[in-house]
1. Restricting to the stretch 95-114, name every residue that is under 18 Å from the mean Cα position of the chain (by Cα) and of a type in the set (S, T, N, Q).
2. Quick one: which residue in Leu96, Leu117 is crowded, with 24+ Cβ neighbours inside 10 Å, under 17 Å from Gln306 (Cβ atoms) and of a type in the set (A, V, I, L, M, F, W, C)?
3. Which of the residues that make up the stretch 15-34 are more than 12 Å from Lys5 (Cα to Cα) and either basic (Lys, Arg) or not in a loop (DSSP other than H, G, I, E, B) (or both)?
4. Identify, from the list Ala339, Ala311, the residue that is surrounded by 20 or more Cβ atoms within 10 Å (Cβ to Cβ) and either farther than 16 Å from Val98 by Cα or outside the structural domain of Val198 (by TED's automatic domain parsing) (or both).
5. Return a yes/no flag: does the stretch 144-166 have any residue that is in contact with a Leu (Cβ under 7 Å, 6 or more places away or on another chain) and crowded, with 20+ Cβ neighbours inside 10 Å.
6. Can you find a residue that is in the same structural domain as Val67 (by TED's automatic domain parsing), part of a loop (DSSP other than H, G, I, E, B) and within 15 Å of the chain's Cα centre (by Cα) anywhere in the stretch 83-94?
7. Scanning for something touching a residue at least 40 places away in the same chain (Cβ under 8 Å), outside any loop (DSSP other than H, G, I, E, B) and out of contact with any strand residue (DSSP E or B) (no Cβ under 9 Å at 6 or more places or on another chain), does the stretch 134-155 turn up at least one residue?
8. Pairs needed: first member in the stretch 323-348, at positive phi; second member anywhere, assigned to a helix (DSSP H, G or I); C-beta distance under 9 Å; at least 6 residues apart or different chains.
Amino acid sequence: MKVKKFGVIGCGMISRFHARAIREIGAELVACYDYLPIAAERYAQEFGCKAYAELKEFLADPEIQIVTICAPSGAHLEPAVAAARAGKHVVVEKPLEVTTERCDEIIRTCEEAGVTLATIFPSRFHDSSRRLKTAIDAGRFGKLTLGDAIVKWFRTQQYYDSGAWRGTWKLDGGGALMNQAIHSVDLLLWLMGDVEEVTALTGLVAHENIEVEDVAIAALRFKNGAFGTLEATTAAFPGYLKRIETSGDKGSAVIEEEDIVKWDFAETAPEDAEIREAMTSRQTATGGGAADPAAIGHMAHAKLFQDVLEAIEEGRRPLVDGYEGRRSVEVIRAVYESAKTGQTVKLG
């Protein structure tokens, strides 16, 4: 039976992008659940699906084949495990969970249940990201030397005050790095490879009444010998587009949101001129979420959902499976440990 019927757990802001992405690929949103019944009812009215007030009843719905989880970050484990045990395929918003141990439990349960697990990192599906990945894999950068992720975003105090879970270790799992910059951490790992060690500083500089950081910096050593840096903040007014910079001894490139703004190689290739022309000025006025978390598009989500459905049909892993989702959480937890102890933290 072809898998195309979705249910959504958690009916907050990001779930609306899921609904639009599901429709975009011609799939069907059949049901939703939220621990606040009124939120589920409003969502169901908005998107024309059934609303459930109990998770058990939601998961018992035989129409639902695949579940997307849009609950707060530290509340992904329980519904993901329950969905897998109910025989539903599982797609989890970033981060997969807020600790590697909780990530591992989700991965293990999905494998035991024989269901597909995917993590939502839409930035991997931007054309610019994929062009850069292809060039790295083709060896055009030569020996990779340096990879940097820079996320200078802005969130008001009201943003953190808008939900009791925001800015908490238990449910947010961290601050600027875990919640906002994790997309760029994921991209950096996808492009540069695994991290061997981390040295970091974090702090709460500009916001109040939250437990987590609004500024983080880290120095990375990759297993392939390259170095890297992470810069993340939600305290940089007015908020700028995120950047990924990759360098090697034969080439360098810079992505700014969906644009490739630098593309330079010692040995030119026929496609270089087309890439420079086609991959600039692609970012619209949304701002990529730099100042407004709702100012994003749904098309990259749609591409990710399409890959998940194709993976299920073809019997393969999705491009961003649970193990891929775990990688960024491991690095971010190492950043927090290094900042806490003042020591370099080795991974793996």
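The values are calculated or read from the model by the stated rules, or taken from the named source; none is laboratory data. Everything quoted here is computed from the prediction, not taken from an experiment. All Cβ positions, even for glycine, are placed from backbone atoms using ideal geometry, and neighbour counts span all protein chains on display.
1. Residues satisfying the conditions are Thr99, Thr100.
2. Exactly one of Leu96, Leu117 is crowded, with 24+ Cβ neighbours inside 10 Å, under 17 Å from Gln306 (Cβ atoms) and of a type in the set (A, V, I, L, M, F, W, C), namely Leu117.
3. Result: Ser15, Arg16, Phe17, His18, Arg20, Ala21, Glu24, Tyr33.
4. Going through Ala339, Ala311 in turn, just one is surrounded by 20 or more Cβ atoms within 10 Å (Cβ to Cβ) and either farther than 16 Å from Val98 by Cα or outside the structural domain of Val198 (by TED's automatic domain parsing) (or both): Ala339.
5. Looking through the stretch 144-166, at least one residue is in contact with a Leu (Cβ under 7 Å, 6 or more places away or on another chain) and crowded, with 20+ Cβ neighbours inside 10 Å.
6. yes
7. The answer is no, given that none of the residues of the stretch 134-155 is touching a residue at least 40 places away in the same chain (Cβ under 8 Å), outside any loop (DSSP other than H, G, I, E, B) and out of contact with any strand residue (DSSP E or B) (no Cβ under 9 Å at 6 or more places or on another chain).
8. Gly348/Glu330
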